[in-house]
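A.B. asks: Next up is a structure, given as structure tokens.
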Amino acid sequence: MEELLELQELLLADRVSDALLLVEEMTEMSKDDKLNKIFSFGVVLLLHLVKQAAEGRTTRSWDTSIFNAVKQIQRTNRRRKSGGFYLTVAELQETLEDAYDSALRQAALEAFEGRYEAAELSQKVEQQRVIDQAIALIRANEQEATMH
């Protein structure tokens, strides 16, 4: 909110170049916020996908968590007015790769009743396959959402 007031003051003072710099800074802040949210929901998504892959089963609770995380990522990533998405597929891939270790550590606490450390659990799961599955789920929902 503070930035918007500053932007208004700059525009009223006819300091357009300073206003444009502030807009650029605000755009970066907004994208960082989107990235952080997508990272957080990515951890949740990957956590449950890792548990599914490791245990070779699923539960209604895991399925619901996966569904909700995918929806939140898709919702956060979608540009409302201009259409399109904030993160490209490559940026989404990078974000999920970054989130994977956190998800794996959490999954180690939950999968197999916590019997395995993260390093041991990682031997039971193919990281790239889980990330590819996450991206496929997100992309399917993105395409479905743009059709409505």
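The values are calculated or read from the model by the stated rules, or taken from the named source; none is laboratory data. As the structure is a prediction and not an experimental result, all values here were calculated from the model. When we count neighbours, we look across all protein chains shown, and the Cβ atoms used for this are built from the backbone with ideal geometry, even at glycine. To get the accessible areas, we keep the full protein, side chains included, count just its heavy atoms, and leave off ligands, DNA and RNA. Shrake-Rupley method; radii C 1.70, N 1.55, O 1.52, S 1.80 Å.
A.B. asks: Tell me which GluC sites (Glu not before Pro) from region 1-94 have a DSSP coil assignment and no more than 13 other beta carbons within 10 Å of their own.
C.D. replies: none
A.B. asks: What do you get for trypsin sites (Lys or Arg not before Pro) in region 1-77 restricted to DSSP loop and a cutoff of at most 15 other Cβ within 10 Å of the site's Cβ?
C.D. replies: In loop regions of region 1-77 (DSSP not H, G, I, E or B), the sparsely surrounded trypsin sites (Lys or Arg not before Pro) are 15, 57.
A.B. asks: In degrees from 0 to 90, rounded to the nearest 10, what is the angle of the helix 60-77 Cα long axis to the longest principal axis of the chain?
C.D. replies: 20
A.B. asks: Roughly speaking, to the nearest percent, how much of the chain's 1.4 Å accessible area is carbon and sulfur?
C.D. replies: 49
A.B. asks: I've got another one for you. For the chain, modelled as a Gaussian network with Cα springs under 10 Å, which listed residue fluctuates most, 49, 121, 22?
C.D. replies: 22
A.B. asks: Let me ask you something else. Angle check, please: helix 16-55 long axis (alpha carbons) against the longest principal axis of the chain (alpha carbons), in degrees 0 to 90, nearest 10.
C.D. replies: 10
A.B. asks: Name the shape class, rounded, prolate or oblate, that the alpha-carbon gyration tensor gives for the chain, where a ≥ b ≥ c are the square roots of its eigenvalues, rounded holds for a/c under 1.5, and otherwise prolate holds if a/b is larger than b/c and oblate otherwise.
C.D. replies: Because a/c hits 1.5 or more and a/b exceeds b/c, the chain counts as prolate.
A.B. asks: Another question, if that's okay. In the Gaussian network model of the chain, springs joining C-alpha atoms below 10 Å, which of 98, 32, 14 carries the largest mean-square fluctuation?
C.D. replies: Its mean-square fluctuation being the largest, the pick is 14.
A.B. asks: Might you tell me the accessible area per residue for region 1-119, computed with a 1.4 Å probe and given in Å²?
C.D. replies: For region 1-119, the solvent-accessible area averages 63 Å² per residue.
A.B. asks: In debye to the nearest 20, how big a dipole does the chain give about its Cα centre with +1 on each Lys and Arg Cβ and -1 on each Asp and Glu Cβ?
C.D. replies: 940
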